[in-house]
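Below is one structure, written out as structure tokens; the observations come after it.
Values in this text are rule-based calculations from the coordinates and carry no lab data. The structure displayed is predicted, hence computed values, not measured ones. Using ideal geometry, Cβ is built from the backbone for each residue, glycine included, and neighbour counts are taken over all protein chains shown.
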Amino acid sequence: MIRVGREVTSATKDRADVCVIGSGSGGAVMAALLAESGKDVVVLEEGGNFTARDFTGREGEMYPLLYRDGGGQFSADGGVNVLQGRAVGGSTLINAADCTRIPPEVLEHWGTVYDVEGVNEKTLRDSYSRVERALGVTDILEGQINRNNALLLEGATKLSMKGGTFRTNRTGCAGIGTCLIGCPVNAKKGAHLNYIPRALAAGARIYADARADRIVVNNGAATGVRGSILDRERGIATYPIEIEAEHIVVSAGAIHTPLLLARSGLGGEQVGRNLTLQPQIPFIALFPESVVAWKGIPQSTYVDAFDHNTAKHGLGGYRMEGISGGPGFASFIFPGIGAAHRQLFERFANTATALILVPDRPGDGFVSAQKGGGAKITYTVQDLWRKNARKGIAAAARCYLEAGAEAVLWADETAEVIRSLKKAEKAAANAPLAVSSARLVSAHCQGTCRMGEDEKTCVADSRGRMYGVKGVTICDASLFPSSASTHTMIPTMAMADLIAHHLIDSGA
Ligand SMILES: Cc1cc2nc3c(=O)[nH]c(=O)nc-3n(C[C@H](O)[C@H](O)[C@H](O)COP(=O)(O)OP(=O)(O)OC[C@H]3O[C@@H](n4cnc5c(N)ncnc54)[C@H](O)[C@@H]3O)c2cc1C
Ligand code: SF4
């Protein structure tokens, strides 16, 4: 059963063996596997419950419906747009459906530098297989690559830069191109189409529009969760909801898991710290020919020639990935205001766009509670990140100019339309990428409840069990001790599968 906010007409109480908070990559997998193992499971999900029928393809309607803060969640200084889904299925409903595994060097890095035990290629192998099977992960076929994505690879191939095509959890994709605002034909197999139905079939009860406000603890052990039923239309809380449970799984994502723990007075001073955003800088290339980037799979190709993986530092370097979205998305990444913006936008049909993904290192990134509610995301763009992003911009300019672009620029107010490689490389080397001018995007927030065996520096152990309190397991992207340095859906789901199997095997 999924019960949505408007169906709840009074204060509600329920009781279960396990209460899972959040139903995205981490929460959906945990709910399904624990329910299938015989546990009585209740899920609280702050977002609504949507189906393909709700996905109208209109950005103005979908961002407020499916995204945290309507897609307008930013770091405190306004420098990075931190995107997250908010719905049954979490960010899997609105993500780009790229399926990647954690690079082996990053896992090694976690083991040697962060004292993570038992999370490695070998222990994750079965989890990856199970998750990829559940999502129907396959290769994107050549015929499914749209012109926007093809152009990136064309340039890279001419320059002998290594690249490729993503694996994906799409089946029967009709190339409508609205993946980032929900797939209207259920081709994109988010968690709402696999793990959530499995959880329901195994008896789990899901409350949508139900925000967990506090975990209740007695004598050092969790006893339940207090929350609020939300009226989405009016933006208010209507009735209280109380779940009694001896085991709480917190899967509210890397921004809201630490907030919930802090509101509950749980965890030490590490809660909310070590945030990595892996910011991406959008890149734009103008072609004489028609590109029509908004049609077809939005993200299907990448150039990973400049990944720099080491066990010592995790993943470094940068990567280029084709991307496209609707006009709302494009208007955000196209620089300029007024007439300049309009002039550029008139070329939308002839524009190819990419994201330059640059992994960051855990630094001063910190999530805390905003006065009056909500998250305050403190984050400083690192010098090393800027250095690598500048190299990435120059490499993207090379690729697109080689592929026949007549001009290039990137998402920074100071960037100009540049027509020659020499000028582009010089401008890239001097790109300020300042907080006030660059339009950076993060779709991969991670690391705010770091896992590892050192209780002083970590919030949970390597199996997600929270230190200092009994019966609370953390299971989402907040566990990653440093950036997984790749897309984070399959990594989070595989980690959830591993943690769920540990819990089931231990009989907890
Ligand atoms: C636009 C976009 C594109 C992306 N593209 C890709 C991609 O192509 N490939 C890939 O691998 N990854 C991609 N990602 C990243 C990936 O989807 C996420 O990293 C992953 O889903 C994170 O899993 P999670 O469980 O940590 O959080 P989420 O999946 O975000 O789930 C967290 C859930 O918790 C809920 N929640 C939060 N607070 C509360 C509360 N107090 N009470 C109840 N519920 C709460 C939220 O509403 C949300 O539904 C993308 C992300 C975005 C935003
Ligand atoms: S491109 Fe494919 S997966 Fe994406 S919205 Fe369209 S049909 Fe769905």
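Brief remarks on what is shown
- Extension gain for residue 364-residue 216 works out to 50.3 nm (0.36 nm per residue, less the C-alpha to C-alpha distance).
- Each other residue within a Cβ distance under 11 Å of residue 80 adds +1 if Lys or Arg and -1 if Asp or Glu, for a net charge of -1.
- Separation of segment 125-143 and segment 217-242, taken as the distance between their Cα centroids, equals 36 angstrom.
- Residue 305 sits among other residues whose Cβ lies under 12 Å from its own Cβ, and their net charge, with Lys and Arg +1 and Asp and Glu -1, is +2.
- Listed peptides 488-494, 66-72, 26-32 by packing density, highest first (mean Cβ within 10 Å): 26-32, 488-494, 66-72
- Subtracting the Cα-Cα distance of residue 133 and residue 53 from their residue separation scaled by 0.36 nm leaves 26.2 nm.
- Amide N of segment 273-298 lying under 20 Å from the label point, which is placed 7 angstrom from the Cα of residue 376 along Cα→Cβ: 273-277
- Cα centroid separation - segment 346-372 against segment 459-508, whole Å: 25
- On the principal axes of its alpha carbon atoms, the chain extends 67, 47, 43 Å, with the longest extent given first.
- For segment 468-508, the spread of Cα positions along each principal axis, largest first, Å: 32, 22, 10
- Highest mean first, the peptides 374-384, 203-213 sorted by other C-beta atoms within 10 Å per residue fall in the order 203-213, 374-384.
- When restricted to Cα atoms, segment 21-139 yields an Rg and a Dmax of 17.1, 47 Å, respectively.
- Neighbour-limited loop hits for trypsin sites (Lys or Arg not before Pro), segment 398-482 (at most 14 other Cβ within 10 Å; DSSP other than H, G, I, E, B): 419, 456
- Residue order, fewest to most beta carbons within 10 Å, for 121, 36, 142: 142, 121, 36
- Rounded tilt (10° steps) of 253-263 against the dominant C-alpha axis of the chain: 40
- Computed helical MRE - 222 nm, the chain, DSSP H runs ≥ 4 contributing -39500 (n - 2.57), nearest 500: -8500 deg cm²/dmol
- Cα centroids of segment 13-28 and segment 286-335: 34 Å apart.
- Among 181, 2, sorting on how many other beta-carbon atoms sit within 10 Å of each Cβ, with the fewest leading, yields 2, 181.
- Nearest-0.05 FRET efficiency for residue 239 and residue 457, computed from C-beta distance (R0 41 Å): 0.55
- A crude spin-label estimate for the pair residue 174 and residue 383, with each label 7 Å from Cα along the Cβ direction, gives 5.3 nm.
- Amide H contacts of residue 376 (H built 1.01 Å from N, under 5 Å, at least 5 apart or other chain): 368, 369, 370
- Compactness of segment 193-310 as Cα Rg over 2.2 N^0.38 Å, two decimals: 1.59
- Computed from label points 7 Å out along Cα-Cβ, the spacing between residue 121 and residue 414 is 4.2 nm.
- Projected label points at residue 226 and residue 185, each 7 Å from Cα along the beta carbon direction, are separated by 4.9 nanometres.
- Shape of segment 283-421, Cα gyration tensor, a/c cut at 1.5: oblate
- Unit charges at the beta carbon, dipole of segment 351-508: most positive-side option, 473, 373, 409: 409
- Rounded, prolate or oblate (a/c below 1.5 giving rounded, otherwise prolate when a/b exceeds b/c) for segment 83-224 by Cα gyration tensor: oblate
- Over all other residues within a Cβ to Cβ distance under 12 Å of residue 185, the charged ones net out to +4, with Lys and Arg as +1 and Asp and Glu as -1.
- Tilt relative to the chain, helix 121-135 - C-alpha long axis, 0 to 90 degrees, to 10: 90
- Using C-alpha pairs under 8 Å with a sequence gap of at least 6, the mean separation divided by the residue count of the chain gives a relative contact order of 24 percent.
- In this structure, the pairs whose alpha-carbon distance is over 32 Å, taken from 295/391; 122/376; 162/456; 371/456, are 122/376; 162/456.
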